[in-house]
Amino acid sequence: MKLGIIMPPKPESFDRAKELGLDFVEFDCNPTDFFGVPTADLLAAKDELKAASERTGVEVGAVGRWASHILDENGNVVQEEWENVKSVIDFGAHLGAKHYLCSCNYVQGISYYKNITAAIQVLNDIVAYAKDHGMETAIVNCMMGDNYIRTPEQWKLVLSEVPGLGIKYDPSHSFVHGGEKGAYLSEGMQWGSHFKYCHVKGVIQRGDSHEADHWALRDMIVKHPELKDELMPGGFGGDPDYDNPPAGIDVINWRAFFAILYKYGYDGYLAIEPHSSTWTGEKGEKGVKYTIKYIRDLMILD
């Protein structure tokens, strides 16, 4: 196994990963309205980033484009977004990335059947393009950007129809549909053979998840910024019912989750995802270092 971290696509990210004793970085190249940068900027920096990777010996484990609204209101491919997806894959291939992490948005105006059919078609195209560039593809189990191919309900319909597509699994996301205790152990036992790439992110949650409502509210505020104060008087602050503390001091049974990974012979990439509004600054740095130590102790196939 290899342990790495999600970082911004900057040369200094390689240096920071090396300081932490990590094997790789992951670059998530999301649309600009989901915390990303224009793909043209990524491509312009690719040589500088490759030089930093070679200088430090830290590889790029994956590039991803979550929140990709690849389908329009009729379920057809949005050509501009398809070009962005290809640009991110080109970017990753130049850096020697082994994986492309993708998503597929749900279209509200068409049936579930038509959504699944459209997803199968575009995901086959994505997998083929990534394969031609030496990369494997995994679909994220995160709901950001209306991605819905993220639970067994969709995996059993889609994965068999998209040869080569695997799952990028993050156990913290299972709490969206699995309640206070999540669904990650059940999903892992049933679908662990399809896991191609994993994220390491802690979670604590009281009751059922409100993430779907939060994303819907966020999307509405993006479309109507003039209503921000009325829709969210408290701003985008912390959630009293949810947080993402460092892995190892959260509710996920990481030992059991790793047992599932070993059951299926997983020997791939584990990317730490610092993702908390409370674990920032000096406390956040200590949290990352704690997670590295904690997860290293569980890695018996490194």
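The values are calculated or read from the model by the stated rules, or taken from the named source; none is laboratory data. The model shown is predicted, which means the values in this text are computed figures rather than measured ones. All Cβ positions, even for glycine, are placed from backbone atoms using ideal geometry, and neighbour counts span all protein chains on display. Surface areas here come from the heavy atoms of the whole protein model, side chains and all, with no ligands, DNA or RNA. Shrake-Rupley method; radii C 1.70, N 1.55, O 1.52, S 1.80 Å.
Under the classification rounded if a/c is under 1.5, otherwise prolate if a/b is larger than b/c and oblate if not, where does region 67-121 fall, given a ≥ b ≥ c as square roots of the Cα gyration tensor eigenvalues?
prolate
Write down the accessible area per residue of the chain in Å², having rolled a 1.4 Å probe over the full set of protein chains. The partial results should precede the final answer.
On the way: 13770 Å² over 302 residues.
About 46 Å² of surface per residue is accessible.
Which shape class applies to the chain: rounded if a/c is under 1.5, otherwise prolate when a/b exceeds b/c and oblate if not, where a ≥ b ≥ c are the square roots of the Cα gyration tensor eigenvalues?
Cα axes put the chain in the rounded bin.
What pairs in K168/K289; K18/K286; K2/K98 have C-alpha atoms more than 19 Å from each other?
As for pairs spanning more than 19 Å Cα to Cα, those are K168/K289.
Roughly speaking, what is the stretch gain from Q121 to L20, that is 0.36 nm per residue apart minus the C-alpha to C-alpha distance, in nm to one decimal? Walk me through the numbers before you get to the answer.
Details: separation 101, 0.36 × 101 = 36.36 nm, distance 4.05 nm.
Gain in length upon complete extension: 32.3 nm.
Listed highest first by mean packing, meaning other Cβ atoms within 10 Å per residue, what order do 68-76, 22-30, 90-98 come in?
Ranked by mean Cβ neighbours within 10 Å, highest first: 22-30, 90-98, 68-76.
For a Förster distance of 41 Å, can you work out the FRET efficiency between the beta-carbons of K293 and E83, rounded to the nearest 0.05?
Plugging the Cβ-Cβ distance into 1/(1 + (r/R0)^6) gives 0.45.
What full-extension length gain, to one decimal in nm, is calculated for E73 and A51 as 0.36 nm per residue of separation minus the Cα-Cα distance?
Details: separation 22, 0.36 × 22 = 7.92 nm, distance 4.11 nm.
The E73-A51 span can extend by a further 3.8 nm.
If Lys and Arg each add +1 and Asp and Glu each add -1, what is the summed charge of the other residues whose beta carbon sits under 15 Å from the beta carbon of H99?
In short, -4.
Please give the length that would be gained between N253 and D132 if that part of the chain were fully extended, namely 0.36 nm times their separation in residues minus their C-alpha to C-alpha distance (nm, one decimal).
On the way: separation 121, 0.36 × 121 = 43.56 nm, distance 3.75 nm.
Length gained between N253 and D132: 39.8 nm.
To the nearest 0.05, how large is the calculated FRET efficiency for D267 and S111 if R₀ is 45 Å and r is the Cβ-Cβ distance?
0.65
Rounded, prolate or oblate: which fits region 44-188 when a ≥ b ≥ c are the square roots of the eigenvalues of the alpha-carbon gyration tensor, with rounded for a/c under 1.5 and prolate only if a/b beats b/c?
Oblate is the answer for region 44-188, as a/c is 1.5 or above yet b/c matches or exceeds a/b.
Please tell me the relative contact order of the chain in percent, rounded to the nearest whole number, where contacts are Cα pairs under 8 Å and at least six residues apart. Mind dumping the intermediate values first?
Details: 548 pairs, mean separation 50.6, N = 302.
Once divided by the residue count of the chain, the mean separation gives 17 percent.
How much of the accessible area of the chain, probe 1.4 Å, is carbon plus sulfur, in whole percent?
Answer for the chain: carbon and sulfur cover 52 percent of the accessible area.
From the backbone phi of region 109-126, what are the Karplus-calculated ³J(HN,Hα) couplings (6.51 cos²θ - 1.76 cosθ + 1.60, θ = phi - 60°) in whole Hz, Gly and Pro given as x?
x, 10, 5, 4, 4, 5, 4, 4, 4, 5, 5, 4, 5, 6, 5, 4, 5, 5
Report the charge-dipole magnitude of the chain in Debye, nearest 20, computed about the Cα centre from +1 at each Lys and Arg Cβ and -1 at each Asp and Glu Cβ.
Using only the charged Cβ atoms, the result is roughly 960 debye.
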